[in-house]
Structures are given as structure tokens and as C-alpha cells.
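**Q** Have a look at this one before I ask anything.
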Amino acid sequence: MNVLSDHFAMFREGFLGTVELTALSALLALVLGTVVASFRVSPVPALRVFGTAWVTLLRNTPLVLLFLAVTLGLPALGLKGWDSFWLAVLALGCYTSAFICEAIRSGINTVPVGQAEAARSIGMTFGQTLTQVILPQATRTAIPPIGSLLIALAKNTAIASGFNVTELGTTMKSLNADFGYNIFVIFLWISIGYLIITFAISGLFRLLESRLAVVR
């Protein structure tokens, strides 16, 4: 208990850093994932190719390698001045967006084809059909897998500790290296921090799932 009480400010800073990193990365992943999913089902071949390439590349790239590409590659291309926190948001958001895309696309595939055909028959464009007819129905099916993906995202934020980003993983390394506390005791409190975040995400998505459920 002394580890937590003596260094509560450090734990709080790491916990809030993880929450902020998770929230911003999740927002980016949801936006990008939705856009790329619309590309994947688009009638425009070039957009389908781009969407397929995005998903294939990011789903098959290790997250650590993507962190390295972002933190070392962007400055090499002349894009300097980015804070390490925002580079971590970019890496986590892009990586997770590929999985979010496939979850949303799976939801789209559950919507009967007749829904889109009926929308087109009354003159709705692809964009109108997607946003007003297909996505609202697909969202109900996609919510459970998206919740699981965001829980995985919260745990993946630990990788950012190796790239000079303040979060729970950084706190664990600092307490062990600078103060010499038992690593198992530190790990226990850090694990509780992650559990709080993942339980909160799980509870939120259970609530959304129940609110959006349709009686069949």
C-alpha cells in the first residue's frame, strides 16, 4: 500500500495519461475506421483498393513497428515538431482503425441487400444510403466487437511507454528503476489501473448495446 500512497501523484499522472491516450486514439480509430469501411463497400474501385490496402497493411504490421515508423519516419520526412504523445495517438489510432473498419464492414454485411436496393430505388445516393440506412443498422451489430477492440486498444497503450509517453507503463518503469520497489507490487497497482479503464469501456459498450438493441 505504501507504493500507492507515497507516489499517488505519479500513479495519477500515469493513469490520466493512459485514459487520455486511449480516448483520443479511440476517437481517431472510430473516425478512420468508419471512413475506410465506407471505402471498402464503395462502388468506386479506387476507394475499394485503398480501403483493402489500408486494412491489409495495418492489420499485418506489428504495433511496435508502426510506432517506430511513426516516431522515426515522420521526422525523417520533414514532419518535425510533433509531440511524442500525439505520435502515439496517431500510431494507435491508425492501427486500431483497420480492425474497427472490419468490424463495421461485418455489421454492414448483416444488413439485408434489399435495404440498399430500396434506398437506391427512391433516388438516394450511395452516401445517403450508407449514412441514413445502412450504418445506423450496422452499428447495432458492430458495437460488441468494437467494444472488444477498444479494450485491446487500452492495453496496447502500454507500448507507448517505450516511446517517451507518460502513461501507466512509464509509471511502472520509473518506480522500479528510480525507487527500487518490488516489481510485483508495482505490477499489481498498475494492473488495477488498467482494469478500471477496461471495465469502464466494457460497461459503456454493454449500456450502448442494451440501448440500441432491437426486439426481434
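The values are calculated or read from the model by the stated rules, or taken from the named source; none is laboratory data. Computed from a predicted structure; not experimentally measured. Here Cβ is always computed from backbone atoms with ideal geometry, including for glycine, and neighbour counts include all displayed protein chains. Note: accessible area is taken over every heavy atom of the protein model, side chains too, but ligands, DNA and RNA are not part of it. Shrake-Rupley method; radii C 1.70, N 1.55, O 1.52, S 1.80 Å.
**Q** Return yes or no: is Arg59 without any contact (Cβ under 8 Å) to a residue 60 or more places away in the chain and within 20 Å of the chain's Cα centre (by Cα)?
**A** Working: without any contact (Cβ under 8 Å) to a residue 60 or more places away in the chain: yes; within 20 Å of the chain's Cα centre (by Cα): yes.
For Arg59, the condition - without any contact (Cβ under 8 Å) to a residue 60 or more places away in the chain and within 20 Å of the chain's Cα centre (by Cα) - is met.
**Q** Now for a separate question. In the stretch 70-90, how many residues are more than 20 Å from Ala26 (Cα to Cα) and in a helix (DSSP H, G or I)? Break it down into steps so the answer makes sense when it comes.
**A** Kept after step one, since they are more than 20 Å from Ala26 (Cα to Cα), are these residues of the stretch 70-90: 72-81.
Of the ones still in play, those that are also in a helix (DSSP H, G or I) are 72-76.
So the count comes out to 5.
**Q** Only one residue in Thr129, Thr157 is at pLDDT 80 or above and farther than 30 Å from Phe8 by Cβ, so which one is that? Please lay out each step first, then the result.
**A** Numbers: Thr157 fails: farther than 30 Å from Phe8 by Cβ.
Being at pLDDT 80 or above and farther than 30 Å from Phe8 by Cβ holds for just one of Thr129, Thr157, which is Thr129.
**Q** Counting just the residues of the stretch 117-174 that are of a type in the set (Lys, Arg) and within 22 Å of Gly107 (Cβ to Cβ), which one comes out least open to solvent (accessible area, probe 1.4 Å)?
**A** Arg140
**Q** Same structure, new question: State whether the residues of the stretch 34-55 include one that is open to solvent by 70 Å² or more (accessible area, probe 1.4 Å) and under 18 Å from the mean Cα position of the chain (by Cα).
**A** No, that holds for no residue.
**Q** What is the one condition in (1) under 18 Å from the mean Cα position of the chain (by Cα); (2) at pLDDT 85 or above that Leu135 does not satisfy?
**A** Evaluating Leu135 over (1) under 18 Å from the mean Cα position of the chain (by Cα); (2) at pLDDT 85 or above leaves (1) as the failure.
Results for (1) of a type in the set (S, T, N, Q); (2) within 21 Å of Ala152 (Cβ to Cβ); (3) in contact with a Leu (Cβ under 9 Å, 6 or more places away or on another chain), shown as yes or no for each residue.
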| residue | (1), (2), (3) |
| --- | --- |
| Ser25 | yes, yes, yes |
| Ser38 | yes, no, yes |
| Ala53 | no, no, no |
| Ala76 | no, no, no |
| Lys80 | no, no, yes |
| Tyr95 | no, yes, yes |
| Ile100 | no, yes, yes |
| Ser121 | yes, no, no |
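**Q** Can I ask one more? Given the condition more than 19 Å from Leu28 (Cβ to Cβ) and open to solvent by 20 Å² or more (accessible area, probe 1.4 Å), answer yes or no: does some residue in the stretch 91-107 qualify?
**A** Let us first name the residues in the stretch 91-107 that are more than 19 Å from Leu28 (Cβ to Cβ), namely 106-107.
From what is left, the residues that are open to solvent by 20 Å² or more (accessible area, probe 1.4 Å) are 106.
The answer is yes, given that some residue of the stretch 91-107 is more than 19 Å from Leu28 (Cβ to Cβ) and open to solvent by 20 Å² or more (accessible area, probe 1.4 Å).
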